[in-house]
1. Could you give every pair whose Cβ atoms fall below 6 Å, whose first residue belongs to the stretch 100-127 and is over 21 Å from ARG25 (Cβ atoms) and in the same structural domain as ASP176 (by TED's automatic domain parsing), and whose second residue is among the charged types (D, E, K, R) and assigned to a helix (DSSP H, G or I), counting only separations of at least 6 or pairs across chains?
2. For residues in the stretch 167-201 being small (Gly, Ala, Ser) and surrounded by 21 or more Cβ atoms within 10 Å (Cβ to Cβ), which is farthest from ALA44 (Cα to Cα)?
3. Name the single residue, out of those in the stretch 249-269 being at pLDDT 85 or above and farther than 18 Å from LYS340 by Cβ, that is surrounded by the most Cβ atoms within 10 Å (Cβ to Cβ).
4. Within the stretch 151-162, identify whether any single residue is farther than 25 Å from GLU209 by Cβ, among the charged types (D, E, K, R) and either over 25 Å from the mean Cα position of the chain (by Cα) or surrounded by fewer than 17 Cβ atoms within 10 Å (Cβ to Cβ) (or both), and answer yes or no.
5. Please pick out the residue among TYR338, TYR332, TYR319 that is of a type in the set (Ser, Thr, Tyr), crowded, with 16+ Cβ neighbours inside 10 Å, modelled with pLDDT of 90 or more and out of contact with any helix residue (DSSP H, G or I) (no Cβ under 8 Å at 6 or more places or on another chain).
6. Across the stretch 167-222, what is the number of residues that are among the charged types (D, E, K, R), over 31 Å from the mean Cα position of the chain (by Cα) and under 19 Å from PRO132 (Cβ atoms)?
7. Out of the residues in the stretch 20-51 meeting the condition of being under 11 Å from the mean Cα position of the chain (by Cα) and free of Cβ contacts under 8 Å to residues at least 12 places away in the same chain, tell me which one is surrounded by the most Cβ atoms within 10 Å (Cβ to Cβ).
8. Mind checking which pairs have a first residue in the stretch 208-237 that is surrounded by 11 or more Cβ atoms within 10 Å (Cβ to Cβ) and a second that is of a type in the set (Ser, Thr, Tyr) and not in a strand (DSSP E or B), Cβ under 7 Å, 6 or more apart or different chains?
Amino acid sequence: MTTELNAAALLEWFDREKRDFPWSREKTPYRVWISEIMLQQTVASTVIPYFEKWCRDYPGISDLSETPIEEAMSRWEGLGYYSRCRNIHKAAGYLMEKCNGVLPSDYEGLRLVPGIGDYTARAILSIAYGKPYPVLDANVRRILQRLEGRKDWKKADDGRVLKELEKIIPVNRPGDFNEAMMQLGQQICSTGSPLCGQCPLSANCRALEQGITAEIPAKKVKKIKMSEKTVLLFHSEGKILMRKKKKGLFHDLWLLPTVEEDSCERMKRINSEWSFLNTQLLTQRNHFYTDNKDTLSPCLITSEEIDLSHMTPGDDDTYEHKWIEVSELDKYPCPSVYRKILDEVIEYLQP
C-alpha cells in the first residue's frame with residue numbers, strides 16, 4: 001500500500017541529496033509554472049538554459065502576455081513539443097484578462113488556465129503555495145508501482161494512490177515531498193537501472209523483496225513511423241522560400257517545403273526539367289518527433305537567371321508561404337532540425 005511510504009525517510013534523504021536547479025531557488029508561482037511545463041518530456045539539463053533565458057526575457061506574466069507569439073516560439077526553439085509554448089502564451093493572456101495577472105491559488109481556478117492540467121496544478125499548489133496536493137507523474141507512478149510490487153497498473157490506480165498520498169503528504173512540507181518523489185524517480189528509482197541500495201524507501205519495497213524491480217513497469221514497444229523526404233530550399237535574390245504551419249503539428253513554426261520522394265530521383269527531375277537551376281545536396285539529417293522518424297535530404301536550389309522570389313506559392317488552410325532574407329532567418333522560429341539545415345545553407349552561401 002502507498003500509505004506505507006516512509007515520508008520522514010524520504011525527506012531526510014531529500015535534505016541531503018537535493019539538487020540545485022534555477023527554479024528551486026525562487027519558488028514563485030510563475031517560475032514553478034514555467035519550469036513544470038518545460039520539464040514535461042524534457043530532461044532538466046536541457047531545460048536549465050532555456051528556463052534561465054525565458055525568465056530573463058519574460059520575468060512575469062504581464063511581460064509574456066505582451067510578447068508576440070512568434071517571438072515566444074523563437075525563445076522556445078529547440079525544446080520541442082511546441083504546443084507547450086503556445087499554451088503558456090495563451091495562458092498569460094487569460095491570466096491578465098481573468099485573474100489580474102496572477103496564477104490562482106486554488107485547484108479549480110488553476111484548471112481553468114489554458115494548458116494547466118491536473119499534474120501542473122498540483123505542482124504549483126504544493127511547491128509555490130505550500131498546499132498539501134500530492135503529484136503523480138511517470139516518476140512518482142513508477143516508485144509507487146514498485147513499492148506495491150504491481151506489474152500491471154490501471155487508470156483507476158492513479159486515483160486510488162492520489163487519495164492515499166493525500167493521507168501521508170506532510171502538511172508543513174508538501175512541496176519538498178513532491179520534489180523529493182520526483183527526484184527519487186529520476187535519480188534512484190529510474191526505469192533502466194534503479195539504485196535500490198541508495199533508496200530511502202527500499203525497506204518497504206515489494207518489488208525489491210520479490211526480485212521483480214526490473215520488470216516494473218512493463219516495457220511498452222513503440223512503433224516508429226519512418227519516412228524519407230527531400231527538403232527543397234529554393235534560393236533566389238538572397239532569399240529562401242519558407243512556409244508557416246497554420247494548424248496541427250508544428251503549428252506557428254516555419255518549415256521548408258518537402259516532398260516524399262527519394263532525393264536522387266528528385267535531383268534528376270529538377271536537373272532535367274529546370275535546367276536553369278543550380279542544385280546542391282546538403283547533409284542528410286534525421287528528424288525525430290512523437291512516434292515519427294523522418295530522414296531529410298536537403299536540396300539547395302538556386303536560380304541565377306530568373307528571380308524566383310516573385311513566384312510565391314498560394315497560401316492555403318495549412319501553410320502561409322514567404323520569401324525570407326537569408327540574414328533574417330534566425331528571427332523565424334522553426335524545429336531544431338530545420339534550424340541546422342538553415343545554418344548549413346547560410347554557411348554554404350557565404351562568399
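The values are calculated or read from the model by the stated rules, or taken from the named source; none is laboratory data. It should be emphasised that the depicted structure is a prediction, and the values quoted were computed from it without experimental measurement. Cβ sites come from the backbone with ideal geometry, for glycine too, and all protein chains shown count toward neighbours.
1. Sorted first by the residue in the stretch 100-127, then by its partner, the pairs are PRO114/LYS90; ALA121/ARG111.
2. Step by step, filter the stretch 167-201, then rank; the result is GLY175.
3. That would be ASP252.
4. Checked the stretch 151-162: at least one residue is farther than 25 Å from GLU209 by Cβ, among the charged types (D, E, K, R) and either over 25 Å from the mean Cα position of the chain (by Cα) or surrounded by fewer than 17 Cβ atoms within 10 Å (Cβ to Cβ) (or both).
5. Going through TYR338, TYR332, TYR319 in turn, just one is of a type in the set (Ser, Thr, Tyr), crowded, with 16+ Cβ neighbours inside 10 Å, modelled with pLDDT of 90 or more and out of contact with any helix residue (DSSP H, G or I) (no Cβ under 8 Å at 6 or more places or on another chain): TYR338.
6. 1
7. In this case the residue turns out to be LEU39.
8. LEU208/SER202; THR230/SER263; SER236/SER309; GLU237/SER309
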